[in-house]
1. Just want to confirm a number: the relative contact order over the stretch B:108-215, from Cα pairs under 8 angstrom separated by 6+ residues, in percent.
2. When a/c reaches 1.5 or more, the comparison of a/b and b/c decides; with that in mind, is chain B rounded, prolate or oblate per its Cα gyration tensor?
3. In nm, give the distance between the simple-model label positions of B:Arg104 and B:Arg226, each being 7 Å from the Cα along the Cα-to-Cβ direction.
4. Taking the Cα centre of chain B as origin, sum charge times position over the Cβ atoms of Lys and Arg (+1) and Asp and Glu (-1), and report the length of that vector in debye to the nearest 20.
5. Whole-Hz Karplus ³J(HN,Hα) for the stretch B:166-176, in order, using 6.51 cos²θ - 1.76 cosθ + 1.60 and θ = phi - 60°, x for Gly and Pro?
6. With charges only on Cβ, +1 for K and R and -1 for D and E, what is the dipole size of the stretch B:113-189 about its Cα centre, in debye, rounded to 20?
7. May I ask you to derive the relative contact order of chain B, considering only C-alpha pairs under 8 Å and at least 6 residues apart, and to give it as an integer percent?
8. Starting from the Cα of A:Trp63, step 7 Å along the direction of its Cβ; do the same at A:Leu101; then give the gap between the two resulting points in nm.
Amino acid sequence: MPPLAVVLLAAGTYAFRLAGPLLGDRLRLPDPLRRLLSDAAAVLLVALVAVAALTDGHGFAGWARPAGVLVGGALALRRAPFPLVVVAAAATTAVLRLIGLP
Amino acid sequence: MFTIRDMRSFWRTLGPGTLRDIALVCAADAIVGASFGAIAVSGGLDPWVPVAMSLLVFAGGAQFAAVGVVLAGGGPAAAVAAGLVLNARLLPFGFAVADALGSRWWTRLPGAHLIMDEAVAFAMRHDDPRRRRDVFWTCGLALFACWNAGVAAGVAAGRAIGDTGALGLDAAFPTVLLALVLPSLASPGVRRAALTGAGVAVAATPFLPAGLPVLLAPAGLLAAARRRRRTMPGDATPGDATPEET
């Protein structure tokens, strides 16, 4: 990842953060726009989860990885502590690979 | 400047309950930060990348997103775009807590960098302007310290890890993101849009360059909005409001 990409992401992010404190007195953000922005973030995150869990390059990632993510997701739904969620996901994938599942 | 008396009243206005909650969130974020550092470095990125991102971008979801796109073979432009789509949600946060940053430019400029989900959620719990300010700054500064310390520790640990595939670490990245996003999927409308978007992104993966498919996902919002308009003309369901991420 080139330094310029990090700087651009940082500058754009700071601009999103600074707009409110600078313009807060003169401008009000419409509610539909607020909802759209937070919904778009949730949708993009879920897509990232799906792509990262299921695909590798342009093909299928194999069964071990999505199985691990499913186990972690189920634990997160049951409000398990965060470290347990991540370790359980990685361990499931590791064990499945150990017994020969790709 | 703080005098000793100011400090004492500062801790009193915060209260032990709030301080404990902030400490818990800090601990959780340090662990997320450590996973970010470890995943980025074990995936092959230079150690300065996760460290610089955490200091300058300081937004967990966007950092994971950008690094995820790059590790999947995507270009830097797609990585930056994914991160910025995620961080656009910080725009309304800035309006919500603008008063807590103070009125002088030299508190607003650094304070703006501390705007993120957790500090905003904590500040919004309080109506008293003074308390809001104290809670926002305490939470923001503590999280900045814990997040960056966690990332640095993760970078150090990640360099020591050899075969990441055998350890199942490739499953850790999507799992961290899933745990982060679950609380914001409470509303059926968002869930539907998210599933549509995820389906589109996965289906497009074999055909598009890496990193682009996830950027198609927000189109799922359009499909969901059109469907809502068709089933419930001119009506936004009351239970459909998205809760703040915490």
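Each reported figure results from applying straightforward, stated rules to the coordinates on display, with no laboratory input. The shown structure was predicted, so the numbers you read here are calculated from the model rather than taken from an experiment. Don't worry about glycine lacking a Cβ; one is built from the backbone with ideal geometry, like all the others, and counts go over all protein chains shown.
1. Working: 36 pairs, mean separation 15.3, N = 108.
Worked out over the stretch B:108-215, it gives 14 percent.
2. On the way: a/c = 2.16, a/b = 1.22, b/c = 1.77.
Oblate shape, in that a/c is at least 1.5 and b/c is the bigger or equal ratio.
3. 5.4 nm
4. Details: 20 positive and 16 negative charges, 133 e Å.
Charge dipole, chain B, about its Cα centre: 640 debye, nearest 20.
5. Each residue's phi maps through the Karplus curve to give 5, 8, x, 5, 5, 7, 5, 4, x, 5, 4 Hz.
6. Details: 6 positive and 7 negative charges, 60 e Å.
With only Lys, Arg, Asp and Glu charged at Cβ, the dipole is about 280 debye.
7. Values: 284 pairs, mean separation 65.1, N = 246.
Taking the mean separation of contacting Cα pairs over the length of chain B, I get 26 percent.
8. For A:Trp63 paired with A:Leu101, the spin-label model returns 0.6 nm.
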